[in-house]
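Engineer: Below is one structure. I have some questions about it.
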Amino acid sequence: MSETEFHMMRAILSQPAAVREAPERNRDVIAAAAESALSKASKNIYLIGTGTSLHAAEIASYFFSTFAPGINPLPISSYEFVNYTPPIRDGDLSVVISHRGYKRYSRKSLQISREHGLQTVAVTGLNSSLSEGDADFILSTVEQEVSSAHTVSFTSALSVLLSLSMSMSPDRHSAGEVRSLLRKIAESMERIVEARSAVSSRLSELYGQKEITRVWISGGGPDRITAKEGALKLQETSYIDAYGFEIEQLIHGPVRASSLANDMFVPIIWGNGGHAERSREFCGAIAHAGGRILTVSDTPSDTGNLVPCGLTLNETVSPFVTVLPLQLIAFYLAMLRGTDPDSFRSGDPAFARIDAELKL
């Protein structure tokens, strides 16, 4: 099969366009949600999700900290929000991210939020099971993904959350400013997908040296979350041991469980961000010890770099770009290992039984 016969790859390639289109399609609803939140003098914004949606919530907390400094972003899993509901105040805002819309803890999070009188925003896919009445404002992203390894729903959710954060800024960023930033992001994403053959070639080269049995991804700032999302994609598609860590956490213990002969290390380094120097020290140490490295970096001189140079984006929005090489690594590693990146292991009777017993 060619790579574009897989739903995951087609979704990966669609992301630059989706990042442009989703905020534009939701422009009026985003403006109304922001205006309502500002009129209530909202201080806390709960960003709620599970899995990839939780990663979107955690990354979005950096958007609100940067672009809406008067708002206190509180990312939390939907399971935690339901079972360990935090103390909620009048005027708080609840944003629940759920691509499908039917997951029980996401729906229950919306229900609890409304019972407490919170203003609610749902970020969900087109034709999801959420509808008017489930939330005060619904921000739609993209059509329902066919592949179980969600990619475009993740970055399109980030795009509407970025737009919402900029709309809630004390400076009230204009629609033109929002579109300009999203255009730059989309253009950078296009450069990554156009250069995807380099990811495939380099990964095949490393895999050819010796089978890769485990992957360690690291980052800092918002990209500590991107690292976790990349690990999740590898687990979902290649069924491989994969871990995502903040760089210093990785150094303080977990790396001792690695095998330099069998593992691959994927550090994310963005410009001169807060973690860049430490990540480069880590790259050097692993390389000198003989470890295999693929680096996701906007600096061409970094070891094993996978990202075209010349990208000029603020580190706050770097996950839009840095997640793409990780998605591509997950896809191409699945090809090398002979697994179906779309199936979520549904053809395995043991996992089919697990799925039947565990309602999501």
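Engineer: Take ARG337 and SER204, extend 7 Å from each Cα along the Cα→Cβ direction, and tell me the distance between the two endpoints in nm.
Structural biologist: 1.9 nm
Engineer: Moving to a separate point now. For a quick check of your reading of the filter: which chymotrypsin sites (Phe, Trp or Tyr not before Pro) in segment 79-143 sit in a DSSP loop and have no more than 16 other Cβ atoms within 10 Å?
Structural biologist: In loop regions of segment 79-143 (DSSP not H, G, I, E or B), the sparsely surrounded chymotrypsin sites (Phe, Trp or Tyr not before Pro) are TYR84, TYR102.
Engineer: Give a quick list of trypsin sites (Lys or Arg not before Pro) in segment 21-129 that DSSP marks as loop, anything other than H, G, I, E or B, with at most 16 other Cβ atoms within 10 Å.
Structural biologist: LYS40, LYS43, ARG89
Engineer: Based on the Kirkwood radius over alpha-carbon pairs, what is the Stokes-Einstein translational diffusion coefficient of segment 192-309 at 10 °C with 1.306 mPa s viscosity, in µm²/s?
Structural biologist: Translational diffusion coefficient: 112 µm²/s.
Engineer: Please report the net charge: other residues with Cβ closer than 15 Å to the Cβ of ALA198, K and R +1, D and E -1.
Structural biologist: -3
Engineer: Also: Taking the Kirkwood radius as the inverse of the mean 1/r across Cα pairs, report the Rg/Rh of segment 3-190. Numbers along the way, then the final one.
Structural biologist: Details: Rg = 15.5 Å, Rh = 16.3 Å.
Expressed as Rg/Rh, it is 0.95.
Engineer: How charged is the neighbourhood of SER147? Take every other residue with its Cβ under 11 Å from the Cβ of SER147, and add Lys/Arg as +1 and Asp/Glu as -1.
Structural biologist: After counting each charged neighbour, the total is -2.
Engineer: So if I restrict to the alpha-carbon atoms in segment 76-187, what is the Rg, and what is Dmax, the biggest pairwise distance, in Å?
Structural biologist: Cα-based Rg and Dmax for segment 76-187 come out at 14.9, 42 Å.
Engineer: Going by average Cβ neighbours within 10 Å, how do the peptides 244-256, 182-194, 324-336 rank, with the highest at the top? Show your work: numbers first, answer last.
Structural biologist: Working: 244-256: 17.0, 182-194: 18.8, 324-336: 25.8.
The peptides rank, most packed first, as 324-336, 182-194, 244-256.
Engineer: Something else about it: Round to the nearest 10 and give me the degree value, 0 to 90, for the angle of helix 15-25's Cα axis relative to the longest principal axis of the chain.
Structural biologist: 0 degrees
Engineer: How do the peptides 155-162, 118-125 rank, highest first, by the average count of neighbouring beta carbon atoms within 10 Å per residue? Walk me through the intermediate numbers first.
Structural biologist: Values: 155-162: 28.4, 118-125: 25.8.
Taking the mean over residues of other Cβ atoms within 10 Å, the ranking is 155-162, 118-125.
Engineer: In addition: Only Lys, Arg, Asp and Glu count, each charged at its Cβ (+1, +1, -1, -1), so figure out the dipole size of segment 197-337 about its Cα centre, rounded to 20 debye.
Structural biologist: Rounded to the nearest 20 debye, it is 300 debye.
Engineer: Once you have the Cα-Cα distance between GLN111 and ARG256, take 0.36 nm times their residue separation minus that, and quote the gain in nm to one decimal.
Structural biologist: 47.8 nm
Engineer: Compute the separation of the alpha-carbon centres of segment 11-73 and segment 192-213 and state it in Å as a whole number.
Structural biologist: 33 Å
Engineer: How long are the three semi-axes of the equivalent ellipsoid for the chain, computed from the Cα gyration tensor as the root of 5 times each eigenvalue, in whole Å, largest first?
Structural biologist: Values: eigenvalues 215, 106, 74 Å².
Equivalent ellipsoid of the chain: 33, 23, 19 Å, largest first.
Engineer: Once the other residues with Cβ under 10 Å from the Cβ of LEU360 are scored (Lys, Arg +1; Asp, Glu -1), what is the net sum?
Structural biologist: Surrounding charge for LEU360 is +3.
Engineer: Only Lys, Arg, Asp and Glu count, each charged at its Cβ (+1, +1, -1, -1), so figure out the dipole size of segment 3-190 about its Cα centre, rounded to 20 debye.
Structural biologist: That gives segment 3-190 a dipole magnitude of about 260 debye.
Engineer: Further, regarding this structure: Given H placed 1.01 Å from N in the peptide plane, which residues other than close sequence neighbours of LEU139 have an amide H under 5 Å from its amide H?
Structural biologist: HN-HN under 5 Å from LEU139: ALA122, VAL123, THR124.
Engineer: For LYS40, list the aspartates and glutamates whose Cα falls under 12 Å from its own Cα; do not include residues on the same chain fewer than 8 positions away.
Structural biologist: Once the sequence-local aspartates and glutamates are set aside, what remains near LYS40 is ASP90, ASP92.
Bear in mind these aren't lab numbers, they're just calculated from the coordinates by the rules spelled out. What you see is a predicted model, and the numbers here were worked out from it, not measured in a lab. As a convention, Cβ positions derive from the backbone with ideal geometry for all residues, glycine included, and neighbour counts pool all protein chains shown.
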